[in-house]
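Trainee: Pasting in a structure now, in C-alpha cells, and then I'll have a few things to ask.
The values are calculated or read from the model by the stated rules, or taken from the named source; none is laboratory data. All values reported here derive from a predicted model rather than from experimental measurement. Quick reminder, even Gly has a Cβ in these numbers, built from the backbone with ideal geometry, and neighbours come from all protein chains shown. Just the protein is used for accessible areas: all its heavy atoms, side chains included, with ligands, DNA and RNA removed. Shrake-Rupley method; radii C 1.70, N 1.55, O 1.52, S 1.80 Å.
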Amino acid sequence: MLDIQIAGSEILGGNPRSFYAFVGPEYGIKHKYIDILAKHYGKYKCVPSVSEVLKFLNSRHLIPVEPQLYVVRYDDTFIKSLDDSTFDTIKNTNIVGTIVCIYEDSKSTNKLEKYLPDYTVDISGIESRFMIKYIHMDFPNLPNRLAELSVKFSHDYYQAQNIARCMSHCNISDLFKLPDTELSYIFGVDTVKTDDAVKRSIASRNFKSICSLIDCYPSLDQLMYVILSTLVELEKIHYNKYATSDIQEYSDLWSLEDIYNMFMQTYKKLQDSRSISTDIEGNIIYLAALTQFKTIPSLEAIA
Amino acid sequence: MNFEFQSKAENELKNLIQSDKHSILLLGGQGCGKTYLATNCAKYIGTDNVVCVESNVTDLRDAIDTSYAVSDVVLIIIENLDESTNRSSYTLLKFLEEPRSNIYIIVTCRNIKNIPDTIVSRSEVVNIGHPTEQDIVKYSRDKDLVKYELISKRSIWNIVRSFYDVDTLYNLDTAKLNYFDELSHSLNFKDTISNMLWSFMHYKDNSEIDLVLVIRYILYSCNSLHVKQFCIEALKDIQQSRISQFAIMSKFLFECKYGGGSTR
C-alpha cells in the first residue's frame, strides 16, 4: 500500500504519479487531494470507467493530449477486471496527467491492495495536525485557534471543512472572542453529549432532531444501538406507566406495534450496515423518516 | 484420546501433507479438536517446529517473518481466521501467493463463509465434522466421570453437541445448572423485554450467561415452531454477523413476544 504521507507529499509537491486509487472512508481528504491535482493540471474530467480513460490515452491523437486529471468513481468493472496483468497495463500506458480512482468498500480495497499496491492509498483518517494544515490551506484567513477547533469538533476532514467554512463566513473577530464551550454549542458538538439526548429525539419522533444526530453523534453504528435500547425502554414504560424514565412523557406516542416494527426495521438496517457498501447515514435518515408515519410500517409492508 | 469423527479428518490431513500440500484450511465447530489435529500434523510433516498463533495481523506477520528466516521445515497453525479482520486475511493471502517449500500452514476456522474466497481457493479444505454421541460420551466420561453421571441426567445435557459444550457444562456450578432446569418453566415470553433480557442473559448471581447456550436450550425446550425458527435465526446472527448480543437477544425476545404465534 502506498503510504498516505508519500502520496500527500507527491500531490502537494506538484509531482503526482500517473495513477492513484484512493480507498478508505475519509471523503474530505480524498477530495482535498483531487482539488489540489485539479489545480495542478488546470484541467479535470470525471470519467465513468478506467477502461474508457485507458482506451482514450492509448489511441492515436492528431493533437497531442494535454496533461489533465481524470477522476473515476466506484468503477466496479475495473475492480472485477483486476488481475496480475493490471499493474503492467497501467505502467505501460502513457498516462498524460493523473488518473484517480475512488473506492470505499473493503472488498475493492483488498483487491487494489493486492494487484496495485504501489498506487493504492488508504485514506482512513489522518492526524489532526495534517487536518489543521489543510484547513489553513483552504481557509488561509482563519485564525489558528479556530482552525484547530474546527478539527477538534469533527470526526473527519469533511466535517471539519464544513465547520471551517461556516466560521469563515462569520465575523472572525466576534467569533474569536467566544469561549470554546460557546463555540462547541454553536456548532452542535455538545448538543448530543449523552445517549439520553439521543433517546429523547427517538422517543419524541422528532425527525429534525434525529437527523441532526448524524453530524453530532460520534458513531452512527452506536447510534443504531441507542435506538434499539430506546425502543426496549419504551416497551417497558408501556407496561409500567410509573416506571422512572427520561422518556416517560413520550410513551403515548408509541403503540406496542410501533415499537415492535421500529425495532425490526432498525435491526434490519443494523444488519445491512454490516455489508460492504452500505450508507449508514442514509439508514439513519430512513429510520428517522419512519417515525413520521402515524403507524410505523412493518418490514413486510415495506418489502 | 482418539475419536471416531476425527479419524477421517486425520487421514485426510495425512494424505494432503504426503501429497505436498502446504496450505490447509481445517473447518470444524468450537472444541472439536482442530488445533489438536493440526498440531498432530507435525509428525506427518516430520518437524518439531510448530508455531501456533492467533489470527491477528501482528502475530501473523511475526510468525511468517520468523519462518522466512529459517530453512528448517516449519508448521504454522493459525487459529480461528474467520474471527479476524480482513487485514489478517490479506496478510495471510500475500504469503499464500508465494508459498515457501519449507513452510506448511494450517488455518483453523468455524465458519468458512467468513473466510475470503481467495484464501479458500488457495487451500485444501478439510472438514472435521461433528463428534458422534459415542464420542461425546467417551470424552465426557474420561474427563470427569462423576460430573458426567450428575449432569447427563439434567435437561441441559440434551443440547450437548461438542466437546466444547461438555467443557462449558462441566464448568457450571449447581446453581447455574439449576437455572436451566427452571428456565424451561418460564418460556411464555410475557414479561417486558427488558426484564426478559436480564433474566435470559444472567444467572441468579448476576453473572452473564453464554447467549448461545441459552438460545440452544430454548430451541430444545420450546415446542413452538415460531420460537424454534427465531432461535435458529438468532444463532445464525451470532455466528455470522458482528451485532452485539444485546441487540440479537432483544430481537429474539421481541419476535417471540410479538412476532410469532403461540409461545409454547
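Trainee: Please name all residue pairs, on different chains or six or more residues apart, with Cβ atoms under 6 Å, provided the first residue is in region A:251-272 and is under 13 Å from A:E235 (Cβ atoms) and the second residue is modelled with pLDDT under 95 and hydroxyl-bearing (S, T, Y).
Mentor: From residues that are under 13 Å from A:E235 (Cβ atoms), the pairs are A:Y260/B:Y258; A:N261/A:S298.
Trainee: Please enumerate the residues belonging to region B:112-126 that are part of a loop (DSSP other than H, G, I, E, B) and either within 14 Å of chain A (Cβ to nearest Cβ) or among the aromatic types (F, W, Y) (or both). Talk me through it step by step, then tell me what you get.
Mentor: So in region B:112-126, the residues part of a loop (DSSP other than H, G, I, E, B) come out as B:115-116, B:121-123.
Result: B:I115, B:P116, B:S121, B:R122.
Trainee: Report whether or not B:V126 is open to solvent by less than 20 Å² (accessible area, probe 1.4 Å) and out of contact with any Ser or Thr (no Cβ under 9 Å at 6 or more places or on another chain). If you could, list the steps in order and put the result at the bottom.
Mentor: Values: open to solvent by less than 20 Å² (accessible area, probe 1.4 Å): yes; out of contact with any Ser or Thr (no Cβ under 9 Å at 6 or more places or on another chain): yes.
When the stated conditions are applied, B:V126 passes them.
Trainee: Further question on the same structure: Provide a single number: the residues in region A:1-59 that are under 21 Å from the mean Cα position of the chain (by Cα) and of a type in the set (K, R).
Mentor: Matching residues across region A:1-59 total 2.
Trainee: Wholly within region A:192-280, which helices (runs of 4 or more DSSP H) include no fewer than the required count, namely at least 3 residues that are under 19 Å from A:L299 (Cα atoms)? Step through it out loud before you land on a result.
Mentor: On the way: elements: A:195-203, A:207-216, A:220-239, A:256-272.
Ranges flagged: A:220-239, A:256-272.
Trainee: Sticking with this structure for a sec: Here are some conditions: (1) at pLDDT below 90; (2) within 11 Å of chain B (Cβ to nearest Cβ). A:Y225 meets all but one. Which one does it not meet?
Mentor: The failed condition is (1).
Trainee: In region A:105-143, which residue that is free of Cβ contacts under 8 Å to residues at least 24 places away in the same chain and not aliphatic (A, V, I, L, M) is most open to solvent (accessible area, probe 1.4 Å)?
Mentor: A:R129
Trainee: Hey, another quick one. Which of the residues belonging to region A:194-211 are surrounded by fewer than 14 Cβ atoms within 10 Å (Cβ to Cβ) and either modelled with pLDDT of 80 or more or in contact with a Cys (Cβ under 9 Å, 6 or more places away or on another chain) (or both)?
Mentor: The one that is surrounded by fewer than 14 Cβ atoms within 10 Å (Cβ to Cβ) and either modelled with pLDDT of 80 or more or in contact with a Cys (Cβ under 9 Å, 6 or more places away or on another chain) (or both): A:K208.
Trainee: OK, next. Of everything in region B:181-240 that's β-branched (V, I, T) and not in a helix (DSSP H, G or I), which residue is nearest to the chain's Cα centre (by Cα)? Spell out how you get there, then give the answer.
Mentor: At the first step, the residues of region B:181-240 found to be β-branched (V, I, T) are B:192-193, B:209, B:212, B:214-215, B:218, B:227, B:232, B:238.
Okay, now just the ones that are also not in a helix (DSSP H, G or I), so B:192, B:209.
Details: B:T192: 32, B:I209: 17 Å.
Within region B:181-240, the match that is nearest to the chain's Cα centre (by Cα) is B:I209.
Trainee: In this structure, is B:S199 away from every other protein chain (no Cβ under 14 Å), farther than 21 Å from B:V160 by Cα and not hydrophobic (A, V, I, L, M, F, W, C)? Give the steps one after another, and end with the answer.
Mentor: Numbers: away from every other protein chain (no Cβ under 14 Å): no; farther than 21 Å from B:V160 by Cα: yes; not hydrophobic (A, V, I, L, M, F, W, C): yes.
So B:S199 does not fit the description; no.
Trainee: Right, something else. Does any residue in region B:190-209 that is in contact (Cβ under 8 Å) with a residue 40 or more places away in the chain come within less than 7 Å, Cβ to Cβ, of a residue that is part of a loop (DSSP other than H, G, I, E, B) and open to solvent by less than 10 Å² (accessible area, probe 1.4 Å) six or more places away or on a different chain, and which pairs are these?
Mentor: B:M196/B:F189
Trainee: Considering only region A:231-254, state which residues are more than 11 Å from every other protein chain (Cβ to nearest Cβ) and in contact with a Ser or Thr (Cβ under 9 Å, 6 or more places away or on another chain). Let's see the steps before the verdict.
Mentor: Filtering region A:231-254 for residues more than 11 Å from every other protein chain (Cβ to nearest Cβ) gives A:241-242, A:244, A:246-254.
Those that are more than 11 Å from every other protein chain (Cβ to nearest Cβ) and in contact with a Ser or Thr (Cβ under 9 Å, 6 or more places away or on another chain): A:K241, A:I247, A:E249, A:Y250, A:S251, A:L253.
Trainee: Shifting gears a bit: Within region B:69-84, is even one residue open to solvent by 20 Å² or more (accessible area, probe 1.4 Å), part of a loop (DSSP other than H, G, I, E, B) and touching a helix residue (DSSP H, G or I) at 6+ places or on another chain (Cβ under 9 Å)?
Mentor: As a first pass, look at region B:69-84 and keep what is open to solvent by 20 Å² or more (accessible area, probe 1.4 Å): B:69-73, B:79-80, B:83.
After this cut, where a residue has to be part of a loop (DSSP other than H, G, I, E, B) as well, the list is B:69-73, B:80.
With touching a helix residue (DSSP H, G or I) at 6+ places or on another chain (Cβ under 9 Å) added as a condition, the list becomes B:73, B:80.
Checked against the condition, which is being open to solvent by 20 Å² or more (accessible area, probe 1.4 Å), part of a loop (DSSP other than H, G, I, E, B) and touching a helix residue (DSSP H, G or I) at 6+ places or on another chain (Cβ under 9 Å), region B:69-84 yields at least one hit.
Trainee: Restricting attention to region A:105-128, which residues are away from chain B (no Cβ under 14 Å) and within 22 Å of A:A160 (Cβ to Cβ)?
Mentor: Result: A:V121, A:I123, A:G125, A:I126, A:E127, A:S128.
Trainee: On the basis of being modelled with pLDDT of 90 or more, in contact with a Phe, Trp or Tyr (Cβ under 9 Å, 6 or more places away or on another chain) and not acidic (D, E), does B:V166 make the cut?
Mentor: On the way: modelled with pLDDT of 90 or more: yes; in contact with a Phe, Trp or Tyr (Cβ under 9 Å, 6 or more places away or on another chain): yes; not acidic (D, E): yes.
For B:V166, the condition - modelled with pLDDT of 90 or more, in contact with a Phe, Trp or Tyr (Cβ under 9 Å, 6 or more places away or on another chain) and not acidic (D, E) - is met.
Trainee: Listed residues B:S71, B:S101, B:S67; which is away from chain A (no Cβ under 14 Å) and under 20 Å from B:L16 (Cα atoms)? Spell out the reasoning first.
Mentor: Working: B:S71 fails: under 20 Å from B:L16 (Cα atoms); B:S67 fails: under 20 Å from B:L16 (Cα atoms).
After applying the criteria, what remains is B:S101.
Trainee: Also, I was wondering about something else. Here are some conditions: (1) within 22 Å of B:C256 (Cα to Cα); (2) assigned to a helix (DSSP H, G or I); (3) away from chain B (no Cβ under 13 Å); (4) at pLDDT 90 or above. A:A288 meets all but one. Which one does it not meet?
Mentor: With (1) within 22 Å of B:C256 (Cα to Cα); (2) assigned to a helix (DSSP H, G or I); (3) away from chain B (no Cβ under 13 Å); (4) at pLDDT 90 or above applied to A:A288, the lone miss is (1).
Trainee: May I pose another question? List every residue pair whose Cβ atoms sit under 9 Å apart, with the two residues 6 or more apart in sequence or on different chains, where the first one lies in region B:233-255 and is at the interface with another protein chain (Cβ under 10 Å from one of its Cβ atoms) and the second, anywhere, is small (G, A, S) and part of a loop (DSSP other than H, G, I, E, B).
Mentor: Final answer for the pair search is B:I248/B:S241.
Trainee: Given the condition β-branched (V, I, T) and more than 22 Å from A:Q222 (Cα to Cα), answer yes or no: does some residue in region B:243-262 qualify?
Mentor: Initially, region B:243-262 is screened for residues β-branched (V, I, T), giving B:243, B:248.
Retained after the next criterion (residues that are more than 22 Å from A:Q222 (Cα to Cα)): none.
Looking for residues that are β-branched (V, I, T) and more than 22 Å from A:Q222 (Cα to Cα), one finds none in region B:243-262, hence no.
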